[in-house]
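**Student:** One structure, pasted below without further comment.
The values are calculated or read from the model by the stated rules, or taken from the named source; none is laboratory data. These figures come from a predicted structure and were not determined experimentally. Using ideal geometry, Cβ is built from the backbone for each residue, glycine included, and neighbour counts are taken over all protein chains shown. Accessible surface is based on the protein model in full, side chains and every heavy atom, while ligands, DNA and RNA are left aside. Shrake-Rupley method; radii C 1.70, N 1.55, O 1.52, S 1.80 Å.
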Amino acid sequence: MKAVVLKEKELVVQEKDPPQLRDDSVLIELIIAPILSYTDKVVDGTLPYLLPKEEFVFGSDLIGRVKAVGKDVFDLKVGTLVYACSHVSSRGNFRENDEILIGLTGMNKNSYRIQNIWRDGAFAEIAHYPIDCITSLEEVASMDIKKLSSIMYMAVPYGGLLSLDLKPSESLIMGGATGSFGAFGILIALAMGASKIIPIGRNKNILESYKVLSPHRIFPIVLSGDVKSDTENIYKVTGDGLDCYLDITGGGDTSGVLSAIRALKMGGRVTLMGALEEPIALPYVEIMTKRLVIKGNFMYPSYAPANIVKMIQSGMINLDMIDVEIFQLQNIQEAVKSASTKKAFSYAAITL
(Lines give C-alpha, C1' and ligand atoms only; values in the text may rest on other atoms or scores of the structure.)
Protein backbone atom coordinates (compact mmCIF):
# COMPACT_ATOMS: atom_id res chain seq x y z
CA MET A 1 0.00 0.00 0.00
CA LYS A 2 1.02 3.65 -0.40
CA ALA A 3 1.79 5.55 2.79
CA VAL A 4 3.30 8.87 3.89
CA VAL A 5 6.37 8.19 6.03
CA LEU A 6 8.47 10.67 8.00
CA LYS A 7 12.12 10.31 6.95
CA GLU A 8 14.88 12.67 8.01
CA LYS A 9 12.58 15.66 8.53
CA GLU A 10 10.68 15.08 5.30
CA LEU A 11 7.38 13.42 4.43
CA VAL A 12 7.88 10.80 1.73
CA VAL A 13 5.30 8.68 -0.11
CA GLN A 14 6.42 5.07 -0.35
CA GLU A 15 5.16 1.50 -0.63
CA LYS A 16 4.65 -0.21 2.70
CA ASP A 17 3.25 -3.56 3.84
CA PRO A 18 -0.38 -3.31 5.04
CA PRO A 19 -0.76 -3.29 8.85
CA GLN A 20 -1.46 -6.51 10.70
CA LEU A 21 -4.81 -6.68 12.49
CA ARG A 22 -4.73 -7.00 16.30
CA ASP A 23 -7.55 -8.56 18.30
CA ASP A 24 -8.58 -5.15 19.68
CA SER A 25 -8.20 -3.17 16.47
CA VAL A 26 -9.77 -2.09 13.20
CA LEU A 27 -8.34 -1.74 9.70
CA ILE A 28 -9.73 1.29 7.87
CA GLU A 29 -9.61 2.19 4.18
CA LEU A 30 -8.80 5.89 4.02
CA ILE A 31 -11.35 8.32 2.59
CA ILE A 32 -10.10 11.62 4.03
CA ALA A 33 -7.62 12.76 6.68
CA PRO A 34 -7.34 16.41 7.80
CA ILE A 35 -3.90 17.99 8.03
CA LEU A 36 -2.98 20.01 11.11
CA SER A 37 -1.88 23.55 10.24
CA TYR A 38 1.38 23.12 12.17
CA THR A 39 2.38 19.84 10.50
CA ASP A 40 5.33 21.53 8.78
CA LYS A 41 6.73 22.52 12.19
CA VAL A 42 6.43 18.95 13.48
CA VAL A 43 8.16 17.59 10.40
CA ASP A 44 11.12 20.00 10.48
CA GLY A 45 11.56 19.67 14.24
CA THR A 46 10.58 23.23 15.16
CA LEU A 47 7.99 21.71 17.47
CA PRO A 48 9.88 19.24 19.69
CA TYR A 49 7.32 16.47 19.51
CA LEU A 50 8.07 13.03 20.93
CA LEU A 51 8.03 11.10 17.67
CA PRO A 52 8.19 7.30 17.47
CA LYS A 53 11.76 5.99 17.57
CA GLU A 54 11.29 3.96 14.40
CA GLU A 55 10.12 5.02 10.95
CA PHE A 56 6.37 5.61 11.02
CA VAL A 57 3.35 6.60 8.94
CA PHE A 58 2.44 10.23 9.65
CA GLY A 59 -1.05 11.63 10.27
CA SER A 60 -3.48 11.68 13.18
CA ASP A 61 -7.24 11.48 12.55
CA LEU A 62 -9.17 10.15 9.56
CA ILE A 63 -12.50 9.10 8.11
CA GLY A 64 -12.74 5.82 6.23
CA ARG A 65 -14.59 2.53 5.86
CA VAL A 66 -13.92 -0.50 8.00
CA LYS A 67 -11.95 -3.12 6.10
CA ALA A 68 -11.50 -5.66 8.91
CA VAL A 69 -12.18 -5.99 12.65
CA GLY A 70 -10.31 -7.94 15.33
CA LYS A 71 -11.95 -10.79 17.22
CA ASP A 72 -12.36 -8.65 20.36
CA VAL A 73 -14.31 -6.00 18.41
CA PHE A 74 -18.09 -6.33 18.55
CA ASP A 75 -21.03 -4.58 16.83
CA LEU A 76 -18.90 -3.01 14.10
CA LYS A 77 -19.36 -4.33 10.59
CA VAL A 78 -17.01 -4.29 7.62
CA GLY A 79 -17.97 -1.39 5.36
CA THR A 80 -19.11 0.91 8.18
CA LEU A 81 -18.18 4.58 7.75
CA VAL A 82 -16.12 5.58 10.78
CA TYR A 83 -14.11 8.38 12.29
CA ALA A 84 -10.80 7.41 13.91
CA CYS A 85 -9.24 9.73 16.48
CA SER A 86 -5.57 9.53 17.41
CA HIS A 87 -5.69 9.83 21.21
CA VAL A 88 -4.61 6.61 22.93
CA SER A 89 -3.88 6.06 26.62
CA SER A 90 -2.30 3.14 28.41
CA ARG A 91 -4.81 0.78 30.00
CA GLY A 92 -5.04 -0.12 33.66
CA ASN A 93 -4.65 1.86 36.87
CA PHE A 94 -0.91 1.59 37.27
CA ARG A 95 1.35 4.54 37.98
CA GLU A 96 1.24 7.52 35.62
CA ASN A 97 -0.98 7.27 32.57
CA ASP A 98 0.93 7.22 29.26
CA GLU A 99 -0.67 8.96 26.29
CA ILE A 100 0.07 9.36 22.59
CA LEU A 101 -1.47 10.85 19.49
CA ILE A 102 -1.11 8.11 16.87
CA GLY A 103 1.03 9.18 13.94
CA LEU A 104 2.04 12.40 15.67
CA THR A 105 3.53 12.50 19.18
CA GLY A 106 3.95 10.99 22.61
CA MET A 107 3.18 12.95 25.76
CA ASN A 108 5.88 11.75 28.17
CA LYS A 109 9.14 9.81 28.36
CA ASN A 110 7.37 6.44 28.48
CA SER A 111 5.12 7.09 25.49
CA TYR A 112 7.39 5.05 23.22
CA ARG A 113 5.87 1.91 24.78
CA ILE A 114 2.46 2.69 23.30
CA GLN A 115 4.04 4.04 20.12
CA ASN A 116 5.70 0.66 19.59
CA ILE A 117 2.20 -0.82 19.34
CA TRP A 118 0.33 2.03 17.64
CA ARG A 119 3.11 3.65 15.66
CA ASP A 120 1.55 4.25 12.23
CA GLY A 121 -1.04 6.95 11.61
CA ALA A 122 -3.66 8.13 9.13
CA PHE A 123 -1.81 9.03 5.92
CA ALA A 124 -1.97 5.63 4.25
CA GLU A 125 -4.29 3.61 2.05
CA ILE A 126 -5.06 1.39 5.05
CA ALA A 127 -4.86 2.63 8.65
CA HIS A 128 -4.75 0.55 11.84
CA TYR A 129 -6.38 1.92 15.01
CA PRO A 130 -7.54 0.49 18.35
CA ILE A 131 -11.29 0.11 18.78
CA ASP A 132 -11.16 2.73 21.57
CA CYS A 133 -10.53 5.36 18.88
CA ILE A 134 -13.42 4.47 16.56
CA THR A 135 -16.76 6.28 16.21
CA SER A 136 -19.44 5.22 13.73
CA LEU A 137 -20.58 7.85 11.24
CA GLU A 138 -23.45 5.84 9.79
CA GLU A 139 -25.99 8.31 11.21
CA VAL A 140 -24.49 11.13 9.13
CA ALA A 141 -23.14 9.10 6.21
CA SER A 142 -25.29 11.00 3.71
CA MET A 143 -23.62 14.30 4.61
CA ASP A 144 -20.54 15.82 2.97
CA ILE A 145 -17.74 13.54 4.17
CA LYS A 146 -14.99 16.08 3.60
CA LYS A 147 -16.75 18.51 5.96
CA LEU A 148 -17.38 15.75 8.49
CA SER A 149 -13.62 15.45 8.80
CA SER A 150 -13.81 18.69 10.83
CA ILE A 151 -14.78 16.47 13.79
CA MET A 152 -11.04 16.47 14.54
CA TYR A 153 -11.11 20.25 14.97
CA MET A 154 -14.32 20.17 17.02
CA ALA A 155 -13.42 17.36 19.41
CA VAL A 156 -10.44 19.17 20.96
CA PRO A 157 -12.29 22.36 22.03
CA TYR A 158 -15.28 20.23 23.01
CA GLY A 159 -12.97 18.50 25.46
CA GLY A 160 -12.02 21.90 26.83
CA LEU A 161 -15.63 23.00 27.19
CA LEU A 162 -16.47 19.76 28.99
CA SER A 163 -13.52 20.43 31.28
CA LEU A 164 -14.97 23.89 31.96
CA ASP A 165 -18.39 22.37 32.64
CA LEU A 166 -19.91 25.00 30.36
CA LYS A 167 -23.63 25.32 31.11
CA PRO A 168 -26.44 26.67 28.91
CA SER A 169 -26.84 30.45 29.25
CA GLU A 170 -23.27 30.97 30.53
CA SER A 171 -20.86 33.43 28.93
CA LEU A 172 -17.58 32.21 27.44
CA ILE A 173 -14.32 33.80 26.37
CA MET A 174 -12.70 31.83 23.51
CA GLY A 175 -8.96 32.42 23.38
CA GLY A 176 -7.06 31.66 20.17
CA ALA A 177 -10.28 32.15 18.25
CA THR A 178 -8.69 32.89 14.87
CA GLY A 179 -7.06 29.46 14.65
CA SER A 180 -8.96 26.36 13.56
CA PHE A 181 -9.42 24.82 17.02
CA GLY A 182 -10.66 28.12 18.43
CA ALA A 183 -13.01 28.74 15.51
CA PHE A 184 -14.59 25.31 15.76
CA GLY A 185 -14.80 25.81 19.51
CA ILE A 186 -17.24 28.65 18.79
CA LEU A 187 -19.51 26.24 16.88
CA ILE A 188 -19.43 23.79 19.78
CA ALA A 189 -20.11 26.52 22.36
CA LEU A 190 -23.13 27.69 20.36
CA ALA A 191 -24.42 24.12 20.25
CA MET A 192 -23.89 23.74 23.99
CA GLY A 193 -26.03 26.81 24.70
CA ALA A 194 -23.53 29.53 25.62
CA SER A 195 -25.47 32.81 25.83
CA LYS A 196 -22.56 35.09 25.00
CA ILE A 197 -19.33 34.04 23.28
CA ILE A 198 -16.39 36.44 23.18
CA PRO A 199 -13.82 35.33 20.59
CA ILE A 200 -10.51 37.09 21.26
CA GLY A 201 -7.45 37.42 19.03
CA ARG A 202 -5.47 39.83 16.86
CA ASN A 203 -7.03 39.32 13.40
CA LYS A 204 -10.00 41.71 13.22
CA ASN A 205 -11.34 40.45 9.88
CA ILE A 206 -11.54 36.84 11.03
CA LEU A 207 -13.05 37.76 14.39
CA GLU A 208 -15.71 39.97 12.82
CA SER A 209 -16.64 37.20 10.36
CA TYR A 210 -17.89 35.07 13.26
CA LYS A 211 -20.80 37.43 13.94
CA VAL A 212 -22.80 35.93 11.09
CA LEU A 213 -23.01 32.65 13.02
CA SER A 214 -25.15 34.27 15.74
CA PRO A 215 -25.19 38.09 15.80
CA HIS A 216 -26.86 38.27 19.22
CA ARG A 217 -24.57 35.79 20.93
CA ILE A 218 -21.09 36.44 19.47
CA PHE A 219 -19.14 39.54 20.50
CA PRO A 220 -15.57 39.56 19.11
CA ILE A 221 -12.83 41.51 20.86
CA VAL A 222 -9.64 42.44 19.01
CA LEU A 223 -6.70 42.31 21.41
CA SER A 224 -4.30 45.25 21.52
CA GLY A 225 -1.70 43.69 23.81
CA ASP A 226 -2.44 46.20 26.56
CA VAL A 227 -3.66 44.04 29.46
CA LYS A 228 -5.67 46.73 31.21
CA SER A 229 -7.42 47.96 28.08
CA ASP A 230 -8.17 44.47 26.78
CA THR A 231 -9.51 43.40 30.17
CA GLU A 232 -11.90 46.34 30.24
CA ASN A 233 -13.13 45.66 26.71
CA ILE A 234 -13.83 41.99 27.43
CA TYR A 235 -15.48 42.79 30.77
CA LYS A 236 -17.82 45.34 29.15
CA VAL A 237 -19.53 42.66 27.03
CA THR A 238 -21.63 41.62 30.03
CA GLY A 239 -20.92 44.46 32.41
CA ASP A 240 -20.29 42.15 35.35
CA GLY A 241 -17.57 39.82 34.08
CA LEU A 242 -17.65 36.50 32.25
CA ASP A 243 -18.42 33.00 33.52
CA CYS A 244 -15.60 31.00 31.93
CA TYR A 245 -12.63 31.07 29.57
CA LEU A 246 -11.19 28.43 27.26
CA ASP A 247 -7.77 29.21 25.83
CA ILE A 248 -6.51 27.24 22.87
CA THR A 249 -3.94 29.73 21.53
CA GLY A 250 -1.21 28.17 19.41
CA GLY A 251 1.53 30.77 19.80
CA GLY A 252 2.48 34.30 20.81
CA ASP A 253 2.57 36.05 24.17
CA THR A 254 0.29 35.59 27.15
CA SER A 255 -1.03 39.14 27.56
CA GLY A 256 -4.40 38.11 26.13
CA VAL A 257 -4.58 35.17 28.54
CA LEU A 258 -4.06 37.49 31.51
CA SER A 259 -6.66 39.94 30.18
CA ALA A 260 -9.23 37.17 29.81
CA ILE A 261 -8.58 35.79 33.31
CA ARG A 262 -8.96 39.23 34.84
CA ALA A 263 -12.27 39.75 33.00
CA LEU A 264 -13.90 36.80 34.76
CA LYS A 265 -16.56 37.21 37.46
CA MET A 266 -16.58 35.73 40.93
CA GLY A 267 -16.13 31.96 40.69
CA GLY A 268 -14.95 32.17 37.09
CA ARG A 269 -13.43 29.08 35.49
CA VAL A 270 -10.41 28.73 33.17
CA THR A 271 -9.21 25.79 31.09
CA LEU A 272 -5.88 26.07 29.26
CA MET A 273 -5.35 23.91 26.14
CA GLY A 274 -3.01 26.00 24.01
CA ALA A 275 0.70 25.84 23.28
CA LEU A 276 2.05 29.06 24.79
CA GLU A 277 5.46 28.87 26.42
CA GLU A 278 5.64 32.31 28.05
CA PRO A 279 4.74 32.37 31.77
CA ILE A 280 1.46 33.98 32.84
CA ALA A 281 1.74 36.75 35.45
CA LEU A 282 -1.25 35.41 37.38
CA PRO A 283 -2.89 37.88 39.79
CA TYR A 284 -2.56 35.87 43.02
CA VAL A 285 -4.86 37.97 45.20
CA GLU A 286 -7.53 38.20 42.49
CA ILE A 287 -7.48 34.43 42.04
CA MET A 288 -8.00 34.00 45.77
CA THR A 289 -10.64 36.65 46.36
CA LYS A 290 -12.63 35.87 43.20
CA ARG A 291 -12.39 32.09 43.81
CA LEU A 292 -11.14 31.48 40.29
CA VAL A 293 -10.55 27.90 39.12
CA ILE A 294 -7.66 27.52 36.66
CA LYS A 295 -6.69 24.16 35.19
CA GLY A 296 -5.12 22.49 32.20
CA ASN A 297 -6.71 19.93 29.90
CA PHE A 298 -5.45 17.63 27.15
CA MET A 299 -7.69 16.30 24.37
CA TYR A 300 -11.14 14.90 25.17
CA PRO A 301 -13.02 11.87 26.56
CA SER A 302 -13.58 8.93 24.21
CA TYR A 303 -17.30 9.65 23.89
CA ALA A 304 -16.74 13.19 22.58
CA PRO A 305 -16.74 12.40 18.82
CA ALA A 306 -20.00 10.45 19.18
CA ASN A 307 -21.62 13.42 20.92
CA ILE A 308 -20.43 15.73 18.14
CA VAL A 309 -21.91 13.39 15.53
CA LYS A 310 -25.28 13.64 17.31
CA MET A 311 -25.04 17.44 17.37
CA ILE A 312 -24.29 17.50 13.64
CA GLN A 313 -27.12 15.09 12.86
CA SER A 314 -29.63 17.16 14.83
CA GLY A 315 -28.62 20.42 13.14
CA MET A 316 -27.15 21.92 16.30
CA ILE A 317 -23.85 22.27 14.43
CA ASN A 318 -23.96 23.75 10.92
CA LEU A 319 -21.15 22.65 8.61
CA ASP A 320 -21.97 25.07 5.76
CA MET A 321 -19.16 27.55 6.48
CA ILE A 322 -16.43 24.91 6.44
CA ASP A 323 -13.96 24.99 3.54
CA VAL A 324 -11.75 21.96 2.94
CA GLU A 325 -8.98 21.93 0.32
CA ILE A 326 -8.39 18.37 -0.86
CA PHE A 327 -5.03 16.93 -1.98
CA GLN A 328 -4.07 13.50 -3.24
CA LEU A 329 -1.86 11.46 -0.92
CA GLN A 330 1.05 11.60 -3.37
CA ASN A 331 0.97 15.42 -3.15
CA ILE A 332 1.55 15.46 0.59
CA GLN A 333 4.25 18.13 0.58
CA GLU A 334 2.05 20.57 -1.33
CA ALA A 335 -0.80 19.72 1.02
CA VAL A 336 1.27 20.43 4.15
CA LYS A 337 2.39 23.76 2.72
CA SER A 338 -1.21 24.74 2.05
CA ALA A 339 -2.31 23.57 5.51
CA SER A 340 0.14 25.99 7.14
CA THR A 341 -1.75 28.96 5.64
CA LYS A 342 -5.22 27.94 6.85
CA LYS A 343 -7.21 29.77 9.52
CA ALA A 344 -10.63 29.63 11.14
CA PHE A 345 -13.02 27.24 9.34
CA SER A 346 -10.61 26.41 6.54
CA TYR A 347 -8.17 23.47 6.48
CA ALA A 348 -6.42 21.07 4.12
CA ALA A 349 -6.92 17.30 3.92
CA ILE A 350 -5.63 14.34 1.94
CA THR A 351 -7.43 11.57 0.12
CA LEU A 352 -6.40 8.70 -2.15
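**Student:** Checking VAL336 against (1) among the β-branched types (Val, Ile, Thr); (2) open to solvent by 40 Å² or more (accessible area, probe 1.4 Å); (3) under 21 Å from the mean Cα position of the chain (by Cα): exactly one of these is not met. Which one?
**Tutor:** With respect to (1) among the β-branched types (Val, Ile, Thr); (2) open to solvent by 40 Å² or more (accessible area, probe 1.4 Å); (3) under 21 Å from the mean Cα position of the chain (by Cα), VAL336 is out only on (2).
**Student:** Could you identify the single residue in ILE287, ILE294 that is closer than 29 Å to SER37 by Cβ and either of a type in the set (D, E, K, R) or outside any loop (DSSP other than H, G, I, E, B) (or both)?
**Tutor:** ILE294
**Student:** Determine whether segment 288-298 contains at least one residue that is open to solvent by 80 Å² or more (accessible area, probe 1.4 Å) and out of contact with any helix residue (DSSP H, G or I) (no Cβ under 8 Å at 6 or more places or on another chain).
**Tutor:** Keep residues of segment 288-298 that are open to solvent by 80 Å² or more (accessible area, probe 1.4 Å), which gives 288, 291, 295.
Applying the additional criterion that residues be out of contact with any helix residue (DSSP H, G or I) (no Cβ under 8 Å at 6 or more places or on another chain) yields 288, 291.
Looking for residues that are open to solvent by 80 Å² or more (accessible area, probe 1.4 Å) and out of contact with any helix residue (DSSP H, G or I) (no Cβ under 8 Å at 6 or more places or on another chain), one finds at least one in segment 288-298, hence yes.
**Student:** Residues of segment 60-87 being within 19 Å of TYR153 (Cβ to Cβ) and either without any contact (Cβ under 8 Å) to a residue 40 or more places away in the chain or open to solvent by less than 30 Å² (accessible area, probe 1.4 Å) (or both), which ones?
**Tutor:** SER60, ASP61, LEU62, ILE63, GLY64, LEU81, VAL82, TYR83, ALA84, CYS85, SER86
**Student:** Which is over 22 Å from ALA335 (Cβ atoms) and either among the charged types (D, E, K, R) or modelled with pLDDT of 95 or more (or both), of ASP17, ASP44? Before the answer, list the steps.
**Tutor:** Details: ASP44 fails: over 22 Å from ALA335 (Cβ atoms).
None of the other options fit; the residue is ASP17.
**Student:** Hey, among ILE322, ILE326, which residue is in contact (Cβ under 8 Å) with a residue 40 or more places away in the chain, exposed (fewer than 14 other Cβ atoms within 10 Å of the Cβ) and not basic (Lys, Arg)?
**Tutor:** Details: ILE322 fails: exposed (fewer than 14 other Cβ atoms within 10 Å of the Cβ).
Exactly one residue qualifies, and that residue is ILE326.
**Student:** More than 21 Å from LEU352 (Cβ to Cβ) and open to solvent by 10 Å² or more (accessible area, probe 1.4 Å): is that true of ILE131 in this structure?
**Tutor:** yes
**Student:** Filter segment 246-286 down to residues that are among the β-branched types (Val, Ile, Thr) and touching a residue at least 12 places away in the same chain (Cβ under 8 Å) and give me whichever is surrounded by the fewest Cβ atoms within 10 Å (Cβ to Cβ). Talk me through it step by step, then tell me what you get.
**Tutor:** As a first pass, look at segment 246-286 and keep what is among the β-branched types (Val, Ile, Thr): 248-249, 254, 257, 261, 270-271, 280, 285.
Still in the running and touching a residue at least 12 places away in the same chain (Cβ under 8 Å): 248-249, 254, 257, 261, 270-271, 280.
Working: ILE248: 24, THR249: 24, THR254: 20, VAL257: 26, ILE261: 28, VAL270: 24, THR271: 24, ILE280: 16.
Of everything passing the filter in segment 246-286, ILE280 is surrounded by the fewest Cβ atoms within 10 Å (Cβ to Cβ).
**Student:** Right, next: From (1) more than 21 Å from the chain's Cα centre (by Cα); (2) part of a strand (DSSP E or B); (3) not β-branched (Val, Ile, Thr), pick out the condition that doesn't hold for LEU282.
**Tutor:** The failed condition is (2).
**Student:** Considering only residues of segment 310-330 that are touching a strand residue (DSSP E or B) at 6+ places or on another chain (Cβ under 7 Å) and not β-branched (Val, Ile, Thr), which is farthest from LEU213 (Cα to Cα)? Lay out the reasoning, then the answer.
**Tutor:** Just the residues of segment 310-330 that are touching a strand residue (DSSP E or B) at 6+ places or on another chain (Cβ under 7 Å), to begin with: 323-330.
Remaining after also requiring not β-branched (Val, Ile, Thr): 323, 325, 327-330.
On the way: ASP323: 15, GLU325: 22, PHE327: 28, GLN328: 31, LEU329: 33, GLN330: 36 Å.
Here the answer is GLN330.
**Student:** Return the pair list, or none, for Cβ contacts closer than 9 Å from residues in segment 36-53 that are touching a residue at least 60 places away in the same chain (Cβ under 8 Å) and under 14 Å from GLU8 (Cα atoms) to residues that are open to solvent by 50 Å² or more (accessible area, probe 1.4 Å) and assigned to a helix (DSSP H, G or I), at least 6 apart or on different chains.
**Tutor:** Hits for this filter: ASP40/LYS337; PRO52/TYR112; LYS53/TYR112.
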